[in-house]
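Read the figures in this text as sums done on the coordinates, not as results from a lab. Since we're looking at a predicted model, the values are computed, not measured. Virtual Cβ from ideal backbone geometry, glycine too; neighbours counted across all protein chains shown.
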Amino acid sequence: MNPPIAPTRPHSFTHHGITVEDPYNWLKDPGYPKVDDADVLAYLKAENAWYEAHMAPIAGLKDRIYDELKGRVKQDDASVPVPNGDFEYWWQFQPGDQYRTWLRRPKAGGAEQVLLAEPELAKGHDYFRLGTQSVSPDGRLIAYATDSDGSERFTIRIRDIASGADIETVTKVSVGGIVWTADSSAIVWTEVNDNWRRIKARLHVLGQTGEDRVLYEETEDKGFGVSVGKSQDGQWIIISTSDHVTSEVRLVPAGNPTAAPLLVRSRQAGVAYDVDVRGDTLFIRTNDEHVNFRVATASIARPGDWQTLIAGSDRDYIIGLAAFTSYLAIQGRRDGLDRIVLRRDDGSETAIPFAEAAFTAGLGSNLEPDAPLLRLSYASMVTPATVFDYDVKAAKLINRKVQDVPSGYDPSQYESQRIWVTARDGAKVPVAIVFKKGFKPDGTGKLHLYGYGAYGIPMMPSFSANRLSLLDRGMAFAIAQIRGGDDLGYQWYLDGKLAKRTNTFNDFVDAARGLNAAGWAAPGMISASGGSAGGELMGAIVNQAPELFRAVVAHVPFVDVLNTMLDDSLPLTPGEWPEWGNPITSLADFELIRSYSPYDQVRPQAYPPLMVTAGLNDPRVTYWEPAKWVAKLRVTKTDNNPLIFKTNMGAGHGGKSGRFAALEELAEEYAFILEQFGLAVK
């Protein structure tokens, strides 16, 4: 076989007096989100065939890796039960099942009940995802949302728990949370429109026919999206509308959902805030006065009058809070490491201690108004995912569960380090590294480097049983905590967006060079991967410094940045302008985005071996972005290195669904990487 060569068709566009040629524009089906253009489908299928042809010789390696990955999965895994009202709730897998079964049992003792059996719901579907589920306050009903094609347009149904029968289908166009009213007579849900924008919070009264009542509709800014939640005390429905940097919150009484929503404070550009409620007091986390956020309080009677409770700090970054009856739980980060602090009404504070020098920790599932036993999650690069309860009165951590690795895992055989690499502008970038003992940073080794760097999403040093398939073959694995994430605080995020976007790409390249210089990998012996905005990162680094990388994997990569940011008819574009800039109105933004957009910057040079993926139904990164990028790379690059591209024809942004199906795709990725390192026989 020969690799498919996409034909070019004349197409250009002009903005700010600049004309850009785009001969692969035809790969965008004009009928999207329906994709039925024969030429488009033929090209995607030809690329899939080329992908399969390349992977066929290493099918044995892929199968061995898949068996390893599957062998580390506990077949009958189950969560730690979470108390809520008269019951405790948990999920579990049956051996061989791809999906969870959700259950409960009375706290006082009694038989367990099946709430939802995902394997049954998934029957007949190539793709299945349970988006969210919520039990009514009276315990009789469960509302749940499912997606059967990866488009992230969820169908909400109401099920009678006792009989196991669905009694209503509420909608087929939801996304996000489901919140019950206090009397269990209605739910609040978020509507997504034809363009996948979250525009309305609706109230559905059980048994009611006709259109559901709109509690709030976002009409002011088409870049904002609506979401719904509930206060920790369960008394308030929280309706939020926001983009990536600005937010606005309204409160609706859970006992009177048709009451006029209470606006906490009107939106102010660049000011983000979120709210929890205890009694008559609002607890507000906001960056209005400090980049790392403060905590303020206000009364229900005067919700916009914010009084500082915890001032913002250059060292302590506040990332979340929960207002329990007897204390305020504050989740934050100090010097880039997670921190959980409990603050009592008298002002005294307790920081929950963790033993390791580098780790990730966060609040777990805590469903009741108070939490004398606070559920926490914990992991490090060498410590498997752990569930703790923190006994608040005794000030003691209680270990409830440690992730089981059935095929065997001895943490004493692995080691992690955190190093700091100096970026080209002088910034110190943390890099977390894990390796099997015996690996020597002597400049002869092989290393895989992962990154993301966008939206203020951190890449914390957590555990992955999957990566053992690389570590046990003698590789090290590193996570570059680059700017664009908020790993080192909100300013770390701000320093990797808009006009400073290229810091993200430079940090990753400089991290790779720093790892080479420190002996963690031989020159040219670093592989890299990232997905979505991390896929954009992969596209940028192979344009900037292709010689550094032995192999690169870009999952659902956001690589046609300029075209996407110019098309305000696409689902996410208006909401993305605060992250990337608006090239429609700004010449400076146009020129900056064009200067780094991976598709626009493909040039005649040698590129490393590349694996690229897409999802035909992906509403976040549309399939044509990676398709156009690959098509252009095929005829432009000057090397003979592999370039393979797979489109999941029945999936979306997250790839295949199901715990084992997802491992098949990871096995392919690892096999591809190992092949490029000459480790395909291992």
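Indicate the gyration tensor shape class of segment 599-682 (rounded, prolate or oblate), computed on the Cα atoms with a ≥ b ≥ c the square roots of the eigenvalues: a/c under 1.5 is rounded; otherwise a/b larger than b/c is prolate and the rest oblate.
Oblate, since a/c reaches 1.5 and b/c is not below a/b.
Using helices alone, what [θ] at 222 nm do you get for the chain, with -39,500 (n - 2.57) per DSSP H run of 4 or more residues, divided over all residues and rounded to the nearest 500?
It comes out at -5500 deg cm²/dmol, rounded to the nearest 500.
Quote the charge dipole size of the chain about the Cα centre in Debye, to the nearest 20; the model charges only the Cβ of Lys and Arg (+1) and of Asp and Glu (-1).
1220 debye
Just to check, using Stokes-Einstein with a Kirkwood Rh over alpha carbon pairs, what's the diffusion coefficient of segment 406-538 at 20 °C and 1.002 mPa s in µm²/s?
Diffusion coefficient, whole number: 144 µm²/s.
What do you get for trypsin sites (Lys or Arg not before Pro) in segment 107-140 restricted to DSSP loop and a cutoff of at most 12 other Cβ within 10 Å of the site's Cβ?
Here the trypsin sites (Lys or Arg not before Pro) that fit, given the DSSP loop and packing criteria, are 123, 140.
For segment 451-480 and segment 268-294, what is the separation of their C-alpha centers, rounded to whole Å?
32 Å
Just going by the charge dipole of segment 354-461, with Lys and Arg at +1 and Asp and Glu at -1 on Cβ, which of 405, 395, 445 is farthest out on the positive end?
445
In the structure shown, do any of 230/401; 28/632; 123/401; 28/656 have a Cα-Cα gap over 19 Å, and if so which?
230/401; 123/401; 28/656
Within segment 585-645, which trypsin sites (Lys or Arg not before Pro) sit in a loop by DSSP and count at most 16 neighbouring Cβ atoms inside 10 Å?
620
With a cap of 16 neighbouring Cβ atoms within 10 Å, and only residues DSSP puts in a loop, list the chymotrypsin sites (Phe, Trp or Tyr not before Pro) found in segment 337-394.
Answer by residue number: there is no such site.
Quick one: of 45/628; 428/500; 74/446; 45/70, which pairs are farther than 19 Å apart, Cα to Cα?
Violating the 19 Å Cα-Cα cut-off are 74/446; 45/70.
When the Debye formula is applied to the Cα atoms of segment 234-389, each taken as the same point scatterer, what base-10 log of I(q)/I(0) results at q = 0.09, 0.13, 0.17 Å⁻¹?
Log-scaled intensity ratios, in q order: -0.31, -0.65, -1.07.
Along the charge dipole of the chain, Cβ charges K/R +1 and D/E -1, which of 554, 526, 35 sits furthest on the positive end?
Checking the options against the dipole of the chain, the answer is 526.
Just how far, in whole angstrom, is segment 162-201 from segment 384-421 if you go by their alpha carbon centroids?
36 Å
Along the charge dipole of the chain, Cβ charges K/R +1 and D/E -1, which of 577, 26, 638 sits furthest on the positive end?
Going by the charge dipole, the pick is 638.
Is the chain rounded, prolate or oblate when judged by the Cα gyration tensor, a ≥ b ≥ c being the square roots of its eigenvalues, rounded requiring a/c under 1.5 and prolate requiring a/b larger than b/c?
Taking the square roots of the gyration eigenvalues as a ≥ b ≥ c, the chain is rounded.
Can you tell me how segment 46-167 classifies by the Cα gyration tensor, rounded, prolate or oblate, using a/c under 1.5 as the rounded cut?
Oblate, since a/c reaches 1.5 and b/c is not below a/b.
Residue by residue through segment 567-578, which ³J(HN,Hα) values in whole Hz follow from phi under the Karplus form 6.51 cos²θ - 1.76 cosθ + 1.60 (θ = phi - 60°), with glycine and proline marked x?
Taking θ as phi minus 60°, the curve returns 9, 6, 7, 6, x, 9, 4, x, x, 8, 4, x Hz for segment 567-578.
Could you give the size of the charge dipole of segment 174-283 about its Cα centre, using +1 on the Cβ of each K and R and -1 on the Cβ of each D and E, expressed in debye and rounded to the nearest 20?
40 debye
Please return the longest stretch of the chain lacking exposed loop sites, where GluC sites (Glu not before Pro) count only if DSSP places them in a loop and at most 14 other Cβ atoms lie within 10 Å.
Longest site-free region, per DSSP loop and neighbour criteria: 290-682.
Give a residue-ordered list of calculated ³J(HN,Hα) values for segment 326-340 (Karplus: 6.51 cos²θ - 1.76 cosθ + 1.60, θ = phi - 60°; whole Hz; x for Gly, Pro).
Ordered by residue, 3J(HN,Hα) equals 9, 6, 9, 8, 10, 9, x, 8, 10, 6, x, 10, 4, 8, 10 Hz.
Given the convex hull over the Cα atoms of segment 255-319, what projected area results after averaging over all orientations, in nm²?
That works out to 5.0 nm².
Pairs of alpha-carbon atoms within less than 8 angstrom and 6+ residues apart define the contacts here; what relative contact order does segment 522-599 have, in percent?
Relative contact order comes out at 30 percent.
Sort 8-16, 446-454 by the packing proxy (mean of other Cβ within 10 Å over each peptide's residues), most packed first.
446-454, 8-16
Amide H to amide H, which residues 5 or more places from residue 263 or on other chains are under 5 Å from it, using H placed in the peptide plane?
The list, which skips near neighbours in sequence, is 251.
If you line up the long axis of helix 659-676 against the longest principal axis of the chain, both from Cα atoms, how many degrees apart are they, to the nearest 10?
30 degrees
Quick check: convex hull of the Cα atoms in segment 1-93, volume per residue, rounded to a whole Å³?
Convex hull of Cα atoms, per residue: 260 Å³.
Rounded to the nearest 10 degrees, what's the angle between the helix 533-544 long axis and the longest principal axis of the chain, both from Cα atoms, 0 to 90?
Helix 533-544 sits at roughly 20 degrees to that axis.
Taking N as the number of residues in segment 204-282, what is its Cα Rg relative to 2.2 N^0.38 Å?
1.16
Divide the volume of the convex hull of the Cα atoms of segment 464-520 by its number of residues and quote the answer in cubic angstrom per residue.
90 Å³
Charges at C-beta only: +1 for Lys and Arg, -1 for Asp and Glu. How large is the resulting dipole of segment 243-318 about its Cα centre, in Debye rounded to 20?
In debye, rounded to 20, segment 243-318 gives about 160.
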